[in-house]
Structure formats: C-alpha cells, structure tokens
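The values are calculated or read from the model by the stated rules, or taken from the named source; none is laboratory data. It should be emphasised that the depicted structure is a prediction, and the values quoted were computed from it without experimental measurement. No Cβ is skipped: glycine too gets one built from the backbone with ideal geometry, and neighbour counts run over all protein chains shown. Surface accessibility is based on the protein's heavy atoms, side chains included, excluding ligands, DNA and RNA. Shrake-Rupley method; radii C 1.70, N 1.55, O 1.52, S 1.80 Å.
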Amino acid sequence: MKCHIIDFNAVDWTFLDRFADRTVFQTREWIQFIGEAQGATPLIAELREGRELAGYFTGLTFTRLGVKILGSSFPGWTTPYVGFNLVPGASRAAALTAVEEMAWSGLKCLHMEVSDPYFTIEDGKFLGFNCKFFNSYRSDLRKSEEELFGSMDSACRRCIRKAEKSGVTIEEAHDLAFADEYYQQLVDVFAKQKLVPTYTVDRVRALIKHLGPTGRVLLLRARDPSGNCIASGIFPGFNQIAEFWGNASFRSSQILRPNELIQWYAMRYWKRRGVEIYDWGGEGRYKEKYGCVPHRVPWFTKSRFDLVAKLRDEAKKMFESKQRFIGWLQGERKRF
C-alpha cells in the first residue's frame, strides 16, 4: 500500500464523509479546529493498493522543540483519535506501514503518533510501534431509552429525577457566549482539585466557531428554576460515534444534579439522530454509574531516535506538573 498527500483545499470532503468508519474528529472542521488551536498544518493522504483506492489518512504536522511531528492525534489536542478511513477489507496495519514511510521519507518527521478507533493491538505491534491506549467507556445507543435508563445504577436514576423535580431545565445553545459560561464553570471544577484547566477559553471558542455551523456538536446549558446557567456540556458527534468532550458546573449548584440530566439529554439527542455509540471521553470511575462499559483504543507512537521518545514523555510529565503548580499557586493566592 502506498500513500500520497492531497492538496487540503482540493479534498472532496463529501466523498470522505461517506466512509462508514468516519468520525467527527476526521471532518474538515475538526481538523481546522486542531490546526488553529495547536498551530499545526492539516494533512490528508490518499492510500492505494496498486491502482485501487484503499482509503485515506488524516493527520497534522507541527514542530515542538525543533522536532517535526506527525500527529493523528496527539496529547493535549482534546481529540481522542483520528486515524484512517478505509474501504471494506483494507488492512489498517498496511495503511500504518504506508503512513510511516511517508512520515520518515516524505515529511522528514522525527516522531509520529496515530490513534484510530478501529485499530487492534496487532496493527502496530509487529511494526515496532509502542502501544499506549486511550481508555474510556462506551454506551450502546442502539438500546432503547428504557434500557439505557435502566442500565444506570439506582443512585444515578434518582439524580436525574431529582434534577427534573427541582426545576432544572436543559437548553441547546448556539452562541459563542456559551464558551465563556462553560469555561467559568470549568475553572470552578478544576479549583476543587487545586488544579487549572489544561486549555484556555480560546480553544472552546475555536471549537464552537468551526463545529457550530455544521450541526456536529451539541452544546447544552442547564438552568436552575431562577434561570441561572449552573452547568454546561459539549458533545461532538457524527456518523456512528458521539463523544463526551466536556462538562462543567458550579459546585454551589451541584446539589440540583444538573450534570446527570445533561448527560441523559445528550445520550438521547444523539440516539435520536442515528448515532450508535456514546463515547464517554476518557477515564473516570464516576462514569460507571451510567451503565457504560470500559473501552480502550490503541494509540501507537514511534520515533526515529530513542532520545525523541524520551523528550516526548518528559514534556508530558512537565506539563502535568506545571498544571498542578499553577493550581496550587492560585489556591494560595485566594487564601491571602
């Protein structure tokens, strides 16, 4: 299998969006969102076996500390997976081999990472890739609403009923002001753990700017009986999969249980639009109360040189330490 890069402005997006394994994270708007937020250059490559079309690869290139990287996805992008769109029967291992050759020889990258929701561990294992995982949970939206609600634990169902009886209402948002409301609540969520958000409000604004007009992202507000916005959530979706991207609320209003009601609204919203899988967007034991099941997606990484891989891992650790320090510092400032 061989691949060659297509001019991004000449891509037939309507054709790509018809692939059965297409996700929202491969759409033009999401890739443009990542490009803006990360200062990265979008890349679409066509894959062929002989003269036959095998599919497409989606990624972005960028430079960190002088190292050119191919990402599809990458830590910090708030994007769990990107990867391939392949015709039935095409091998993801063969596609990964072709992309690796392109990364080293064509793009002159020194590091690459690829996460694809349809990868198996074997797809990269025998090619010498390091395998990490995007660990999450999933709910099967093919079940009836009654089955989905019944699979939640009893405490979770009581929380949803309490929110409804307390007069909490959910509304769909379509305005950029939503970003500031969401982010204000997110800051409050992280403050509880003496941390700060891992991204700025500008990323939320960029997401809404790019995805909002497409109908491929659901923005939700929860209001208390007085009309105050007390919680919010962001849920992109397309084709078979919808994603829990972010949810935040003010601690002072959590007794009204707005978060559980927001999640239940989002699940039903995407189910009614034909989505089959609700991905819970990462780890968190609290998510188990919704009756979801653990799921993990292989995340393959490889570097031309061992030193580059070590730098990547150390940079990730440094970023996490920085977030903890800033959170502690802001907490100390509030004390005095």
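For each pair in 162/289; 68/209; 125/289, compute the distance between the two Cα atoms and list the pairs where it is over 23 Å.
68/209; 125/289
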For a label point 7 angstrom out from the Cα of residue 295 toward its Cβ, which stretches of region 209-242 have the backbone nitrogen within less than 20 Å? 216-219, 234-242
Using a 1.4 Å probe on the protein chains only, how many percent of the accessible area of the chain belongs to carbon and sulfur? 52
What number comes out for accessible area per residue over the chain if the probe is 1.4 Å? Units Å², please. 48
Skipping prolines and chain starts, which residues have an amide H placed within reach, meaning under 5 Å, of the one on residue 141, given they are 5 or more residues away or on another chain? 277, 278
How high is the FRET efficiency from residue 188 to residue 268, r the C-beta distance, R0 25 Å, rounded to 0.05? 0.40
As a Kirkwood estimate from alpha-carbon pairs, region 97-170 has a hydrodynamic radius in angstrom of 17.0
With each label point set 7 Å from Cα along the Cα-Cβ vector, what nm distance links residue 283 and residue 142? 2.9
So for the pair residue 171, residue 48, with labels modelled 7 Å out along Cα→Cβ, what separation do we get in nm? 5.3
Can you classify region 185-237 as rounded, prolate or oblate using the Cα gyration tensor, where a ≥ b ≥ c are the square roots of its eigenvalues, rounded means a/c under 1.5, and otherwise it's prolate if a/b beats b/c and oblate if not? oblate
Stokes-Einstein D (µm²/s) once Rh is taken as the Kirkwood radius of region 173-313 over alpha-carbon pairs, at 25 °C in 0.890 mPa s: 147
Once both labels are modelled 7 Å past Cα along the beta-carbon direction, what's the residue 198-residue 65 spacing in nm? 1.8
Accessible surface ranking that places the most exposed of 4, 210 first, with a 1.4 angstrom probe: 4, 210
Would you work out if region 1-140 is rounded, prolate or oblate? Take a ≥ b ≥ c from the square roots of the eigenvalues of the alpha-carbon gyration tensor; rounded if a/c is under 1.5, else prolate when a/b is larger than b/c, oblate otherwise. rounded
Spin-label zone in region 255-293 - amide nitrogen under 17 Å from a point set 7 Å from the Cα of residue 154 along the C-beta vector: 289-291
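Evaluated at 10 °C with a viscosity of 1.306 mPa s, what Stokes-Einstein diffusion coefficient in µm²/s does the chain have when Rh comes from the Kirkwood expression over alpha-carbon pairs?
In µm²/s, the coefficient rounds to 75.
Would you please give the FRET efficiency between residue 161 and residue 18, computed as 1/(1 + (r/R0)^6) with r the Cβ-Cβ distance and R0 = 41 Å, to the nearest 0.05? Display every interim value, and only then the final one.
Numbers: r = 41 Å, r/R0 = 1.00.
So the FRET efficiency works out to roughly 0.50.
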